[in-house]
Amino acid sequence: MLESFEVDTSFGSYKVKVGQGLHSKLQPKKHAMYLVDDYHLRGLKLPMESLIAIPALESSKNLDYMSSIIEKMRELGANRDTHVYAIGGGIIQDITTFVTSIYMRGLSWSYFPSTLLSMADSCIGGKSSINVRGYKNLIGNIYPPNEVFVDMDFCKTLGPDEIIGGLAEAVKICYARGPEVFEQYLQLDPLYPLIGENGVKVIFSALLAKKWFIEIDEFDRSERLLLNYGHTFGHALEASSNFEIAHGVAVALGMIVAIEYASLAAGLNGVGKDNSQRLGFYLQRLLSPLKVEIKAALQKIDMNTVFAKFEGDKKHRHTEYRMVIPSSEGGLVLFSSPKNNQTRSLIQKAYQQAFSVNDFLG
Ligand SMILES: NC(=O)c1ccc[n+]([C@@H]2O[C@H](COP(=O)([O-])OP(=O)(O)OC[C@H]3O[C@@H](n4cnc5c(N)ncnc54)[C@H](O)[C@@H]3O)[C@@H](O)[C@H]2O)c1
């Protein structure tokens, strides 16, 4: 089974293929260079003389490390005819997007995402985010690949938290796209483990939903901001747990907290209430294989630290907190609330309610 679609961008359009067995068909080409997650070195047969192996670590996404990759590319003879193949998750994608955009003012590139987060979400949209010294994702740009090959075979070696986290990002996109797309997505019953043709359909559905956002708002100014759903509440948990709670799992928990906050602060009702409850039930099922670990991590977290991390989110304004929450119309809305004691107590209540109602605490 092979699904495909095109993404239109101001850089031109690019094709996205979703299927199985795609990376094994990758034929070494003249003028090709490979930027590869070092995890894949043993599993893939690639020409070592034109390959740069990159450890998929946050420290590799550093501005200083970019110059060493550029230097290595120069030593290996990269020129304007060079086509770069990137194979790996979001870290390799961020690095390749950035490096190919500036090397000799731009090289063409193809991307094989290898984590579920990158397959179902980040592989389209063209964004890069690079850390500068201690500052995460401080700089970046937009430079989409020329083609994307999403190969389900990479899921075979991913653990439950990577699959569950990727599925959390996928349902987030489908929920953001609106009730009809969300309903169709739930029909696929996307849960761990994600395998075979259903897996292809799940990833394809999420990417098709994301295509709408990145075409209508290529530079992340309005509609695309809704894709931050779950992130403001979730990042605070991820950081407070010292990253014991994985990113995608934290996003799932963040979406649950946002549902509670929408009920408390915005009087969520109508189709929005029904839909967000359906999302809440689905997220509980999705997270259930990790429930013991999540409960243990949450019990160690201090809620004051969570709130301090929540306050530090760069999306807030000077006088207002900003967060994406479910709307009564059934989709999502960017919600602002004044920075006062009333809002703070509602936010704290939303965290507490989310975890007690869902039996993640106690
Ligand atoms: N550019 C974007 O649009 C975008 C969007 C979201 C996140 N990000 C960034 O992506 C990064 C997170 O990326 P990620 O979660 O995709 O993964 P990752 O690149 O951080 O990799 C996570 C781990 O999975 C391993 N791995 C990769 N493929 C594997 C496979 N098939 N089987 C087993 N292990 C595998 C890696 O070696 C690494 O140890 C963060 O730095 C985040 O800031 C970028």
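The values are calculated or read from the model by the stated rules, or taken from the named source; none is laboratory data. Remember, predicted model here, so these are calculated numbers, not experimental data. Quick reminder, even Gly has a Cβ in these numbers, built from the backbone with ideal geometry, and neighbours come from all protein chains shown. Just so you know, the surface numbers come from the protein's heavy atoms only, side chains and all, with ligands and any DNA or RNA stripped out. Shrake-Rupley method; radii C 1.70, N 1.55, O 1.52, S 1.80 Å.
Structure summary
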| item | result |
| --- | --- |
| Probe 1.4 Å, accessible area per residue of the chain, Å² | 44 |
| Segment 87-101 - phi-based ³J(HN,Hα) in whole Hz, Karplus 6.51/-1.76/1.60, Gly and Pro as x | 10, x, x, x, 5, 5, 5, 4, 5, 5, 4, 5, 5, 5, 6 |
| Within the accessible area of segment 1-104 (1.4 Å probe), percent carbon and sulfur | 52 |
| Computed [θ] at 222 nm, helices only, for the chain once each DSSP H run of length n ≥ 4 contributes -39500 (n - 2.57) | -14000 deg cm²/dmol |
| Members of 29/136; 210/339; 273/349; 127/349 lying beyond 26 Å, as alpha-carbon distances in this model show | 29/136; 210/339; 127/349 |
| Check: the chain dipole with +1 on Lys, Arg Cβ and -1 on Asp, Glu Cβ, in debye | 420 |
| DSSP-defined beta bridges in the chain - what % are antiparallel, rounded to 5 | 45 |
| Ordering of 95-106, 198-209, 271-282 by burial proxy (mean other Cβ atoms within 10 Å per residue, highest first) | 198-209, 95-106, 271-282 |
| Folded to 0 to 90 degrees: helix 63-75 orientation relative to the chain principal axis, Cα | 20 |
| Around residue 68: net Lys/Arg minus Asp/Glu count, Cβ-Cβ under 14 Å | 0 |
| Solvent-accessible area of residue 15 with every protein chain in place, 1.4 Å probe, in Å² to the nearest 10 | 90 |
| Modelled FRET efficiency - R0 56 Å, residue 334 with residue 30, Cβ distances, 0.05 increments | 0.75 |
| Note, ³J(HN,Hα) from phi for segment 217-225, Karplus 6.51, -1.76, 1.60, rounded to Hz, x at Gly and Pro | 9, 4, 9, 6, 10, 9, 4, 5, 4 |
| Computed over the chain: relative contact order in percent, which uses C-alpha pairs under 8 Å that are six or more apart | 14 |
| Trypsin sites (Lys or Arg not before Pro) lying in DSSP loop within segment 19-74, provided at most 15 other Cβ fall within 10 Å | 29, 30, 42, 45 |
| Cα-Cα P(r), the chain, percent of pairs per 10 Å interval | 5, 25, 33, 25, 10, 2, 0 |
| Counting DSSP beta bridges with both ends in segment 3-158, the antiparallel % (nearest 5) | 30 |
| Alpha-carbon Rg with Dmax, taken over segment 3-158, Å | 14.3, 40 |
| Whole-number D in µm²/s for segment 220-357 (Stokes-Einstein; Kirkwood sum over Cα pairs; 10 °C, 1.306 mPa s) | 106 |
| Interchain or long-range residues, amide H under 5 Å from residue 339's placed H | 320, 321 |
| Listed residues 318, 247, 31, 83 arranged by accessible area, highest first, probe 1.4 Å | 318, 31, 247, 83 |
| Charged-residue dipole, Cβ positions (Lys, Arg, Asp, Glu), segment 1-160 about Cα centre, Debye nearest 20 | 220 |
| Nearest-ten-degree value, helix 160-177 long axis tilted from longest Cα axis of the chain | 70 |
| Per-residue HN-Hα couplings for segment 320-327 [Karplus 6.51, -1.76, 1.60; θ = phi - 60°; Hz; x = Gly/Pro] | 9, 7, 10, 8, 8, 9, x, 9 |
| Cα long-axis angle, helix 231-240 against the chain (0 to 90 degrees, to the nearest 10) | 90 |
| Segment 187-220 and segment 241-318: distance between their alpha carbon centers, rounded to Å | 21 |
| Placed amide H near residue 108: partners under 5 Å, 5+ positions off or other chain | 84 |
